[in-house]
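The values are calculated or read from the model by the stated rules, or taken from the named source; none is laboratory data. Since the structure is predicted, the reported quantities are computational estimates derived from the model, not experimental observations. Here the Cβ positions follow ideal geometry from the backbone for every residue, glycine too, while neighbour counts run over all protein chains shown.
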Amino acid sequence: MQANAGQNGVDVTRLGVELRYACELERLGDLAARFVPSELDVEAEAFLAAALKRTHSRLGYWAHRALTLVLSDFDANALLGVYPVFLLSTPQALRLFEAAREAALGGRMLDIGAGSGDVTTRISPLVDSITCTETSRYMARRLRQRGFPCWLGRVGENAPGDPLTNQPPFDVIALLNVIDRAPKPRSLLRAAVTSLPQRGLLLLSTPLPYEPFYYDGALTRDPEEQLNVSAERWEDALVELWENELAPLGLELRALTRLPYLSGGDVENPAYVLDDAVLVCEKR
């Protein structure tokens with residue numbers, strides 16, 4: 001299903017992107033019972049309205065292109081303050097967590113690979129505290145400027161100060177659009193789940209179909225570990241992700257939804273979108 005207009009009448013077709021929220025539940029099998037319907041809500045619509053109104057300069061566009069000759073896209077975005085992103089509104093996140101727990105969330109969250117903090121900020125009202133991690137020093141600086149403590153480095157590799165292994169267990173660990181941009185996604189998932197306490201929650205999102213790579217400076221490389229997710233259809237890829245990678249880690253699926261991962265655009269397009277699965281899993 002494609003959303004053409006939101007509650008305040010923003011014409012999504014002007015953005016030239018498709019916003020998919022529904023799926024073929026019969027293809028999900030047992031997972032369908034955990035599907036939480038989502039839609040284009042007020043917060044997402046406000047993000048898209050701002051994208052339509054934003055003006056872009058050719059100079060900024062070419063500055064970004066020049067920076068990506070020597071830096072990753074993430075670093076260039078952080079330095080220039082461009083390409084804001086949106087995934088979960090606060091009400092959408094609350095609805096998912098309530099479906100998973102039937103209660104308010106609270107507790108401590110670790111947001112691994114938090115980027116600029118655009119998504120983190122919308123989840124923060126639902127928890128008592130958030131600690132972030134980033135591999136981009138420029139994104140880490142932006143997170144600290146927004147008031148989030150941020151550890152710089154790759155988690156799960158026993159580095160000094162790694163909050164995943166050097167702090168008390170977090171109640172929630174978030175991996176939001178990270179496993180498709182990590183060199184060792186299976187090791188990262190295993191480290192995150194291992195560090196969760198019993199009944200701790202993993203909040204995971206990733207675009208499907210699964211098309212991974214990671215940044216090595218300005219270069220993009222294939223991941224060192226390949227997840228067993230190869231289906232081209234969104235629903236089939238989701239089932240593969242769950243059955244082949246997540247369930248074997250001792251997780252129980254508590255809630256899932258389909259959401260567009262939105263990015264502000266540039267002189268070529270007012271917005272960009274990825275087709276995300278968002279899952280809330282509980283450690284058994």
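Observations, loosely collected:
- Selected residue (criterion: nearest to the chain's Cα centre (by Cα)) from residues of segment 42-75 that are under 22 Å from Ala140 (Cβ atoms) and free of Cβ contacts under 8 Å to residues at least 60 places away in the same chain: Leu67
- Segment 29-73 - residue that is more than 17 Å from Ala271 (Cα to Cα) and of a type in the set (Phe, Trp, Tyr) and, of those, modelled with the highest pLDDT: Phe35
- Residue check, His64 assigned to a helix (DSSP H, G or I), out of contact with any His (no Cβ under 8 Å at 6 or more places or on another chain), surrounded by 15 or more Cβ atoms within 10 Å (Cβ to Cβ) and not polar (S, T, N, Q): yes
- Checking Thr120, Thr90 one by one, the residue that is touching a helix residue (DSSP H, G or I) at 6+ places or on another chain (Cβ under 9 Å), of a type in the set (Ser, Thr, Tyr), surrounded by fewer than 17 Cβ atoms within 10 Å (Cβ to Cβ) and at pLDDT 90 or above is Thr90 and no other.
- Filtering segment 93-117 to residues that are crowded, with 21+ Cβ neighbours inside 10 Å and either in a helix (DSSP H, G or I) or touching a Cys at 6+ places or on another chain (Cβ under 6 Å) (or both) leaves Ala93, Leu96, Phe97, Ala100, Asp111, Ala114.
- The lone exception for Ala22 - which of (1) in a helix (DSSP H, G or I); (2) in contact with a strand residue (DSSP E or B) (Cβ under 9 Å, 6 or more places away or on another chain); (3) modelled with pLDDT of 95 or more it fails: (1)
- For segment 169-215, a residue qualifies if it is without any contact (Cβ under 8 Å) to a residue 40 or more places away in the chain and within 24 Å of Ser116 (Cβ to Cβ), and the qualifying residues are Asp180, Ala191, Tyr210, Glu211, Pro212, Phe213, Tyr214.
- Segment 118-147, residues that are outside any helix (DSSP H, G or I), in contact (Cβ under 8 Å) with a residue 40 or more places away in the chain and of a type in the set (A, V, I, L, M, F, W, C): Val127
- Qualifying residue in segment 210-218 (condition: at pLDDT 95 or above, assigned to a loop (DSSP other than H, G, I, E, B), of a type in the set (Phe, Trp, Tyr) and surrounded by 18 or more Cβ atoms within 10 Å (Cβ to Cβ)): yes
- Selection within segment 231-284 - surrounded by fewer than 18 Cβ atoms within 10 Å (Cβ to Cβ), among the polar types (S, T, N, Q) and either modelled with pLDDT under 95 or closer than 30 Å to Gly60 by Cβ (or both): Asn269
- Residues considered: Arg284, Arg233. Of these, the only one that is of a type in the set (D, E, K, R) and out of contact with any strand residue (DSSP E or B) (no Cβ under 9 Å at 6 or more places or on another chain) is Arg233.
- Residue in segment 148-164 that is surrounded by 19 or more Cβ atoms within 10 Å (Cβ to Cβ) and on the phi > 0 side of the Ramachandran plot present: yes
- Consider segment 148-205 and keep the residues that are aromatic (Phe, Trp, Tyr) and part of a loop (DSSP other than H, G, I, E, B). The one that is nearest to Thr120 (Cα to Cα) is Phe148.
- In the set (1) in contact with an Asp or Glu (Cβ under 6 Å, 6 or more places away or on another chain); (2) closer than 21 Å to Arg284 by Cβ, the condition left unmet by Val229 is number (2).
- Residue count, segment 76-85 (criterion: under 17 Å from the mean Cα position of the chain (by Cα) and under 19 Å from Leu219 (Cβ atoms)): 2
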